[in-house]
Amino acid sequence: MISEMDKQIAALIERSNRILMVSHVRPDADAAGSLLGLGLALKDKGKQVQMVLQDGAGNFAYLPQHEQISRSPQGDVDMVIVVDCSDPDRVGNVLEGYGNPDLVVDHHKTNLNFGTYNIVEPEQVATAAIIFDHMESWGLAFSADIATCLLSGIVGDTIGFRTSNVNSDVLRKSAVLMDMGADLADVYQNELIMKPYTAIRYWGSGLNRLQYEDGLVWTSLTLADRNEIGYARNDDADLVNVLSAIKEASIAVIFVEQSPNEVKISWRAKPGYDVSGIALAFGGGGHAAAAGADVMDSLQNVQSAVITQTKQLLYNIRKG
């Protein structure tokens, strides 16, 4: 049964010829995979599609047609789509001059519903899984390349089907995408296993600063680390997923210095702990088990404030 909103979105797509699609800064596999998966489906329907990530798609060269992703939009468009982004600020500056998005597709529980149409399903493991469910209702078809991109989003956000929200429905969707031509082994290897030499050296800097106290583990990565090692991106190279594997830790936090006065924070939590609220308190958002924020202040000040409040969160959960 096709919902009334899906019918309206399908009609909007039908009458739009020039479509701009964007996702969040420091893109992960779900951002890039959702952008490409839906973008390629729109192109197959004959639309002119610009797929834009402010930070580019350099980490996703294994995805088919990744070279179609640019860093900035050009010209007028009829429709703007934002995928895998809970907050308009998280897209960076690529939507300046384009107004509010027509369609937002996302699975973050802290989404601000900032589009004309909002397909926000927090129970889904990935935005790519939402796109999988709605594409046919929007008059779009699958291909092997599209299936690969969507499977990458699911694999990335579930850390290889290891998050607590993975169920049999997620596995069935993944199996369908494999039947359409997606190579699970290749996606898994490229997304989760293979890392650049500089990324592993970058991890070493963070691991050297690792601290643990009463169920909370944390560390930081500085601008000096990045410059000394030559790590080209401004993320944590997925080190936060290593921290979240520490058996004794209920919550893991990593701080990544973006500039002398800006810090990216990422939280990861074991089942039973919800870090989305604390991320929201610091101007960010996310899920119960994985959330993030960007804060304008020095690394020392941000780390002190966040660790204090995260310890309080742990205390409140255990107390109550």
**OP:** Tally the DSSP beta bridges in the chain and give the antiparallel ones as a percent, rounded to 5.
**Re:** 45
**OP:** Classify segment 108-175 as rounded, prolate or oblate from the Cα gyration tensor: take a ≥ b ≥ c as the square roots of its eigenvalues, call it rounded if a/c is under 1.5, otherwise prolate when a/b beats b/c and oblate if not.
**Re:** oblate
Original post:
What is the local net charge at residue 87, summed over the other residues whose Cβ is closer than 11 Å to its Cβ (Lys, Arg +1; Asp, Glu -1)?
Top reply: -2
Subject >> segment 4-193: relative contact order in percent, alpha carbon pairs under 8 Å with at least 6 residues between >> reply: 24
**OP:** With runs of 4+ DSSP H residues as the only contributors, calculate the mean residue ellipticity of the chain at 222 nm using -39,500 (n - 2.57) per run, divided by the residue total and rounded to the nearest 500.
**Re:** -11000 deg cm²/dmol
Subject >> Eligible aspartates and glutamates near residue 264 by straight Cα distance, threshold 14 Å, same-chain separation 8 or greater >> reply: 89, 235, 236, 238, 294, 297
**OP:** Decide, for segment 4-193, between rounded, prolate and oblate: order the square roots of the alpha carbon gyration tensor eigenvalues as a ≥ b ≥ c, take rounded if a/c falls under 1.5, and otherwise choose prolate if a/b is larger than b/c, else oblate.
**Re:** rounded
Original post:
Once whole DSSP H runs in the chain are found, which of them have Cα atoms spread over 18 Å or more along the helix axis and a mean Kyte-Doolittle score of at least -1.0?
Top reply: 29-44, 144-157, 299-319
**OP:** Would you list, by chain and number, the lysines whose Cα falls below 20 Å from the Cα of residue 247, excluding same-chain residues fewer than 8 positions away?
**Re:** 270, 311
Original post:
What's log10 of I(q)/I(0) for the chain at q = 0.07, 0.12, 0.15 Å⁻¹, Debye sum over Cα points only, no solvent?
Top reply: -0.27, -0.80, -1.25
**OP:** Return a whole-number percent for the relative contact order of the chain, with Cα pairs under 8 Å and 6 or more residues apart as the contact set.
**Re:** 13
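Computed from the coordinates by the stated procedures, all read-outs in this text should not be read as laboratory data. What you are looking at is a predicted structure, and each value in this text was computed from that prediction instead of being measured. Using ideal geometry, Cβ is built from the backbone for each residue, glycine included, and neighbour counts are taken over all protein chains shown.
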